[in-house]
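Shown next, in C-alpha cells, is the structure this report addresses.
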Amino acid sequence: MLKRILYAFITVSIMGCSFSENENSIAATNGILKVKIDSKSPKTEFSKQIATLSILGLEETERSLLDGISRLIQTEEDIIIFDDQLLTGYRFNKQGKFLNSINSVGKGPNEYEQITDVIYRNNNIEIYNGLREELLRYDKFGVFQDKLRIPYTPDRILFIENHYLLSRSNKPSLDSMNYHLIWLDDKMNELKRSNPYDKPNPFPLPLFFSDFRTFKNKTFYSLPFNDTIYGVSNGTAKPLIHFDFGEDWLWTEELLNKQVASMRTVAQKNAPWWIYSWLVSDSRIEVSYYIGFEEIRDGFFNRETNKFYLYSYPWEIQDAEPPHRWLGYEGDQTLMAISTDALELLLMELESDKYKTIGYLSLEQILNSENPVVLKIEYEN
C-alpha cells in the first residue's frame, strides 16, 4: 500500500519559474528539543495513557457514509469532515448529526478534481485543487462563492496570521525553485519566502508529502524523509524539534551525498526513514514512523520527563495501515479518528468511568455504525 502511494505522488514534470533570491535561508541553531528514539524505547499500553475519553459518533445516512476522515475542521457551530478519497466534505453539528455535504467534483469552472488542501475562514470553505492551481471558495452549504488563482504549485496551504502560507515540499534541483515556504497576502501577492531545509531530497524526483500542524496559536512544519520540525511565525522558520534515531536513521549524510537513494534502499534496509505523522502540544509529542515499507511504529515523547515511549495498541496494524489517525487538537484534548472495530477493542481495556459518549448517538449505535468515530482524549499526567 505505501509503495503504491509513493509511486502515485512521484511526478516527472518539473516546472521552471523565475523568482527573486531566497531571503530567508534558515540554518540549524542551538536550543532544539531533541527527541531520542531507539529500538529499545520502553513500551506502554495506549489505554493506560488515557485519563478520560470522549466518543463522538457521526450520523450515518445514505449521504454521510464515510470511507475515512482525512481532515477535521471545527467551527463555533459545527464540525466539517473531509474524506479526500471521496472528494467530499461532510458537515455535522456539534452533536454529530449530519447537516449537508460539500461536493462539487468535476472539470467545470466552479468544480474541483482533487482536494489537495482545505482552509476554513470567514465562514467559508476554501478547497485547493492542485491539478489546476486554484483555490475555490464555497459556503458551508457547498454553494460556490468565488476562486483565486495560485501563482505557484504548492502541495500544502494554510491561512495564518492574516496571510496564506504555501509549502513547496521537496525542492527539485532547479535554482529557480530553491525554496520551500512562500508567504502570500489574501490577493496572492508574494510577501516572503524561506528555505529552512539544507539537506538534499533523498529521492531524485519531488515528492509531495510535506506537513503543517497547528496547536493553539503555534504553527509547525516538516518535510518527509527528514528528522526535524520547524516552527513558523511572522514570515520566518526555525528548527524546534529533532527526532534523534541515532545510527538507526536511514538518511545518513553519506547516503544523502551519494544522491542515489531509491525505494530499493528503503526496502533493503530495516531502518526508520519516514516520520509520516506527528502532533506537537505543550506536554507531549505524538509521532509515527515507518520501518521499511511494512512496519509502522507509534509512540509519544513526554516533554516533562524527556522520555520517549512506544505505544502498544489493543488492535493490530496490518500491512502498515492503522485503523486510527491523529487529527489535531481541541484545546488540550487530542483528536483521533478510529474505526468502530478498534474502538471496541480499546473500550475493553478501559474502566467504564474513563469514557463517555458525547452527541446524540448512543454507544451501541456508534459501534454498529460503519462510520469512523472521533475521539477526544485527555491523557494521564
Take Leu310 and Asn270, extend 7 Å from each Cα along the Cα→Cβ direction, and tell me the distance between the two endpoints in nm. 1.1
Straight-line reach from Lys97: which aspartates and glutamates have a Cα under 18 Å away, not including same-chain ones fewer than 8 places off? Glu59, Glu60, Glu62, Asp67, Glu76, Glu77, Asp78, Asp83, Glu364, Glu370
Taking 0.36 nm per residue of separation between Lys218 and Thr236 and subtracting their Cα-Cα distance, the length gained on full extension comes to 5.2 nm
Taking a crude spin-label model, label points 7 Å out from Cα along the C-beta direction, the Asp67 to Ser352 distance in nm is 3.9
Which of the peptides 337-344, 140-147, 372-379 is most tightly packed, and how do the rest follow, going by the mean number of other Cβ atoms within 10 Å of each residue? 372-379, 337-344, 140-147
Return a whole-number percent for the relative contact order of the chain, with Cα pairs under 8 Å and 6 or more residues apart as the contact set. 21
Could you compute the FRET efficiency for Thr52 and Phe141, with r as their C-beta to C-beta distance and R0 at 35 Å, rounded to 0.05? 0.55
Given R₀ = 35 Å, FRET efficiency for Thr44-Glu76 by Cβ-Cβ distance, to 0.05? 0.45
So how do 303-315, 72-84 stack up, highest first, on mean other-Cβ count within 10 Å? 72-84, 303-315
Under a point spin-label approximation (7 Å from Cα along Cα-to-Cβ), what is the Met263-Glu321 distance to one decimal in nm? 1.7
Compute the relative contact order of the stretch 68-131 as a whole-number percentage, counting only Cα pairs closer than 8 Å that sit 6 or more residues apart in sequence. 19
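All of the numbers you see were taken from the coordinates with simple rules; none came from a lab. As the structure is a computational prediction, the values presented were derived from the model and not from experiment. Cβ: placed from backbone, ideal geometry, glycine included. Neighbour counts: every protein chain shown.
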